[in-house]
1. Assuming R0 = 35 Å, can you tell me the calculated FRET efficiency for the pair THR83 and ALA17, based on Cβ-Cβ distance, to the nearest 0.05?
2. Take THR122 and ARG7, extend 7 Å from each Cα along the Cα→Cβ direction, and tell me the distance between the two endpoints in nm.
3. Expressed as a rounded percentage, what relative contact order does the stretch 51-109 have, with Cα pairs under 8 Å and six or more residues apart?
4. If each of GLU93 and ASP30 carries a label point 7 Å out from its Cα toward its Cβ, how far apart are those two points in nm?
5. The chain: longest stretch without exposed GluC sites (Glu not before Pro) (DSSP loop, at most 10 other Cβ within 10 Å), sites themselves excluded?
6. State the percentage of accessible surface on the chain attributable to carbon and sulfur atoms; use a 1.4 Å probe and exclude ligands, DNA and RNA.
7. Which aspartates and glutamates does LYS49 reach when only Cα atoms under 18 Å apart count, and residues fewer than 8 places away in its own chain are ignored?
8. Using a 1.4 Å probe and ignoring any ligands, DNA or RNA, find the accessible area of CYS21 and quote it in Å² to the nearest 10.
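The values are calculated or read from the model by the stated rules, or taken from the named source; none is laboratory data. Keep in mind that this is a model prediction, so the values were computed, not measured. Here the Cβ is made from the backbone with ideal geometry for all residues, glycine too, and neighbour counts use every protein chain on show. In case anyone asks, the SASA skips ligands and DNA or RNA and just uses the protein heavy atoms, side chains included. Shrake-Rupley method; radii C 1.70, N 1.55, O 1.52, S 1.80 Å.
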Amino acid sequence: EQPPHLRLCRLGLKVLAPEACRVEGLLSLDVSGNKLVALPDAFGPPTLKRLDLGNNSRLKALPESLAGCPITDLNIAYTAIQTLPPALLPRLERLSISGCKRLKLDFLVPEALPNLKSLSATKSAAVTAFQEARPEVRVYG
């Protein structure tokens, strides 16, 4: 039987095999520290709660299909991701965006992230404004 947590860290992966997304009951996927340039278009494990894409500096986008996952914990730190699927935001409880120099922070408003409890982010005016509006959210940065 497949475990609900899959770790494929620091393996030099440039592509994530679609099979990795089809692990039955997959709750957590950690593919941090690779060389991913994209995720499969049909990426969307229906049970996925935690996704760690951190330190994939060539990763520029998330597939829209990711919005169909029940993700509550997302790490995209030190990636080249520019936007997040809006439908993904309301469920997020933990979000790590440190070092995301290309990420447009226009999503960082209290209404878009009603369940956020923890934010790891490089200091910026948008992060400070969010922190002032939602003082109960733990901000690391």
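1. 0.90
2. It is 2.8 nm.
3. Values: 106 pairs, mean separation 21.2, N = 59.
Relative contact order here is 36 percent.
4. In this crude label model, GLU93 to ASP30 measures out at 1.8 nm.
5. Value returned for the longest uninterrupted segment is 25-110.
6. Numbers: 3990 of 7410 Å².
Here carbon and sulfur together make up 54 percent of the probe-accessible area.
7. GLU19, GLU24, ASP30, GLU64, ASP73, GLU93
8. For CYS21, solvent-accessible area is about 20 Å².
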